[in-house]
Amino acid sequence: MSLAGSGYAFWIGLSGLACLGALAVVLLALFYGKTWLQAYMSNAKVSLSHLIGMSFRQVRTELIVKSKIVLAQAGIDDVHTSELEAHYLAGGDLENVVLAVVAANRSGIDLHFDRASAIDLAGRNVLDAVRTSVSPRVIYCPDPDRSTPPALSAVAKDGIELRIQARVTVRTNMDSLIGGATEATVIARVGQGIISAVGSANAHADVLCAPEEISKQLIRQRLDSNTAYRIVSIDIARIDVGNNIGARIRTDQAEADMRVSQSLSEGRRAQALALRQEMQALIKRREADLVLAESFIPFAIGDAVRKGSIGSCDSSDGHLIGGFAFHSANESSLLFQSDLR
């Protein structure tokens, strides 16, 4: 009886385990069956254990499987599922990277998933870079959205201003995409080269006659070094003749010189007027001294008469001075000095 009971319990336990296994299989089929079957039918090589692990790692299984399928359909089998998960968990744009790898593979560009993911994590749009590498893009110099007016202003040696617009055709340089300078640097270098080329021309007519010489000179300068682009061509799209900057500068300089001369003349005139005022004041002072001296003459004569220093001309020792007789020259001199004091 005990043997029959133990056998019965064994089968009951086995049946329970079978039910649990069947329930687990049903749950796995419900949650992962469709995704796994889709990957299996597309030869994407995504195992059921990877799908379960992705759920625990909070990774979007649909995105990983879809990316794996796209790569498999494009004939790219060297990208492992763990690489896709790592890029997703790093915050990268997985879908954009996968499309870029597929586009590069179809276009014959050597771009592995590791390199594409590094470019994406560096902040670059790797898909746009691949497209630009396949189909070169045109950038304008200067940028019409950032520059007003949308033209470069360059002055030749004869002083004539030329307003130039250029079109730069570029292709992505995948080797220096990480760490290379951006589009703004290319525009700045091209603009600098155009201004330098026009400035070295003897006359603006030389530039108008042969604008292609500017393009050749810029190409020889290798303006695309250490940038994320390769310059395919530089074309001068438009040249307009502007103002006569040289004449304006000479006119402004002449006006400045005239103002300086006027300032110096005004300074000299002010000094002359000040000196004139000083001389007039000195004359007035001397006239005042003269009037003061003349005012003492009547007193001196009267005092001389009282003292008998002035008399008739028949005085034995007198001298005739101005119609008056002085007994002594020394006496008259002392008299006048004492009166003046």
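Test of understanding: extend the Cα→C-beta vector of Arg163 to 7 Å, then name every residue of the stretch 122-157 with backbone N under 14 Å from that spot. Residues passing the 14 Å test: 142, 144, 147-155. Using Cα-only point scatterers and the Debye equation, what is log10 of I(q)/I(0) for the stretch 179-264 at each q in 0.17, 0.22 Å⁻¹, rounded to two decimals? Debye curve over Cα of the stretch 179-264, log10 I(q)/I(0) at q = 0.17, 0.22 Å⁻¹: -0.78, -1.05. Fully extending the segment from Ser196 to Phe296, taken as 0.36 nm per residue of separation minus the present Cα-Cα distance, adds 27.3 nm.
Here the stretch 39-115 was treated as a single set of alpha-carbon atoms; its pair distances binned every 10 Å from 0 give 19, 55, 23, 2 percent. For Ala237, the residues 5 or more places off, or on other chains, whose built amide H falls under 5 Å of its own are Gln165, Ala166, Arg167.
Across the stretch 23-131, Cα pairs under 8 Å and at least six residues apart give a relative contact order of 19 percent.
Between the amide H of Val59 and any residue lying 5 or more places away or on another chain, no distance stays under 5 Å, with hydrogens modeled in the peptide plane. From most to least packed by mean Cβ count within 10 Å, the peptides 47-58, 63-74 give 63-74, 47-58.
Under 16 Å between alpha carbons, and skipping anything fewer than 8 positions from Lys66 in its own chain: which lysines qualify? Straight-distance partners of Lys66: Lys34, Lys45.
3J(HN,Hα) couplings calculated from phi for the stretch 146-155 with the Karplus curve 6.51 cos²θ - 1.76 cosθ + 1.60 (θ = phi - 60°) are, in sequence order, 10, 10, 9, x, x, 7, 7, 9, 10, 10 Hz; Gly and Pro show x. Whole-Hz Karplus values for the stretch 241-252 come out as 7, x, 7, 8, 5, x, 5, 5, 5, 5, 5, 5 Hz, taken residue by residue from phi with 6.51 cos²θ - 1.76 cosθ + 1.60 and θ = phi - 60°; glycine and proline positions read x.
Between Ser42 and Arg248, the simple label model (points 7 Å from Cα in the Cβ direction) yields a spacing of 6.3 nm.
Summarising the amide proton neighbourhood of Val232: residues at separation of 5 or more, or on other chains, whose placed amide H is nearer than 5 Å comprise Thr169, Val170, Arg171.
By the rule of a C-alpha distance below 16 Å, with chain neighbours fewer than 8 residues away ignored, the aspartates and glutamates paired with Lys157 are Asp206.
Each reported figure results from applying straightforward, stated rules to the coordinates on display, with no laboratory input. Everything numeric in this text was worked out from a predicted model, so none of it was measured. With ideal geometry, Cβ positions are generated from the backbone for all residues, glycine too; neighbour counts draw on all protein chains shown.
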